[in-house]
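Below is one structure; the comments refer to it alone.
The values are calculated or read from the model by the stated rules, or taken from the named source; none is laboratory data. Just so you know, these numbers come straight off a predicted model, no measurement behind them. Every residue, glycine among them, receives a Cβ derived from its backbone with ideal geometry; neighbour counts consider all protein chains shown.
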């Protein structure tokens, strides 16, 4: 995983709740939401403490807050993430979630390995699509330390092979093509003042031919969007293009960040494929595995694997 997390901070600052916005209109629903509801039902005290690791914009923390509200509980909910997290970013997109957000204490720019919260504090620790990116052994030590005896640790991780990953593999090929064709380097040089408008357009024209040839074969939505962007650059005169430099910079950065996030997801999935029993590190550090299985989204495709552990009394 990239050590510089600006690509993830950028994503969460866009107000997204889930890491799969193409599959969920707002927060996680269906089988995923049902699994979390069953996890929250494990809590016996109305004043339970919940810790959501690698929380992002708090998708699971917000599901916990909603469960707490619906069942008239007083859950204390904390969400921790290594990226920058801002409630205002979430509210800019989902203003109706303000009351639920007030129930969550966010700790941003903090790696799980560096959490200094009180030991034996939490009745439930959760995580979705995050724990697998961390140092597994160090995280296992932290989880064991933070959980109360008899408390649960429940998480969903990426699997080594899913329909989502197949799509991402294709997108990775598309981004690699754009990189090799010189699209990104041409834009970067222009935006940084290292090349003229004429030189940038010349390079974009050359890259356009190569990208278009590949698009004719793949009909990729990603390539279609970038080709449209490149076409606008080619036909726009210098004066007009200079006026829209900030817009060009924004689009360029969004693709660079998306490519970086894509590499992270595929990288950790390959790591899991090479270490299929990686989750047993939590058992080695003192937890007992009580349940595991696949998460099926819409009853059809694998959206990951889930694991439930308990800390012995």
Practice task
Scan the stretch 16-40 for residues that are closer than 19 Å to residue 75 by Cα, touching a residue at least 24 places away in the same chain (Cβ under 8 Å) and out of contact with any strand residue (DSSP E or B) (no Cβ under 8 Å at 6 or more places or on another chain) and report the count.
Solution key: 2
Fill in the blank from the handout: Subset of the stretch 249-276, residues closer than 27 Å to residue 30 by Cα and assigned to a loop (DSSP other than H, G, I, E, B), comes to 276
Fill in the blank from the handout: With criteria (1) surrounded by fewer than 19 Cβ atoms within 10 Å (Cβ to Cβ); (2) touching a residue at least 60 places away in the same chain (Cβ under 8 Å); (3) closer than 25 Å to residue 7 by Cβ, residue 275 comes up short on (2)
Fill in the blank from the handout: From the option list 267, 239, 228, single residue qualifying as in contact (Cβ under 8 Å) with a residue 40 or more places away in the chain and out of contact with any strand residue (DSSP E or B) (no Cβ under 6 Å at 6 or more places or on another chain) is 267
Exercise for the section: Specify which of the listed residues (42, 117) is in the same structural domain as residue 305 (by TED's automatic domain parsing) and surrounded by 15 or more Cβ atoms within 10 Å (Cβ to Cβ). Expected result: 117
Problem - So residue 150, is it modelled with pLDDT of 95 or more, loosely packed, with under 14 Cβ neighbours inside 10 Å and in the same structural domain as residue 115 (by TED's automatic domain parsing) - result: yes
Problem - Matching option when the condition is over 30 Å from residue 34 (Cα atoms) and not assigned by TED's automatic domain parsing to the domain that holds residue 36, among 254, 263 - result: 254
Exercise for the section: Would you confirm whether any residue within the stretch 43-50 is in contact (Cβ under 8 Å) with a residue 12 or more places away in the chain and either part of a helix (DSSP H, G or I) or in contact with a helix residue (DSSP H, G or I) (Cβ under 8 Å, 6 or more places away or on another chain) (or both)? Expected result: yes
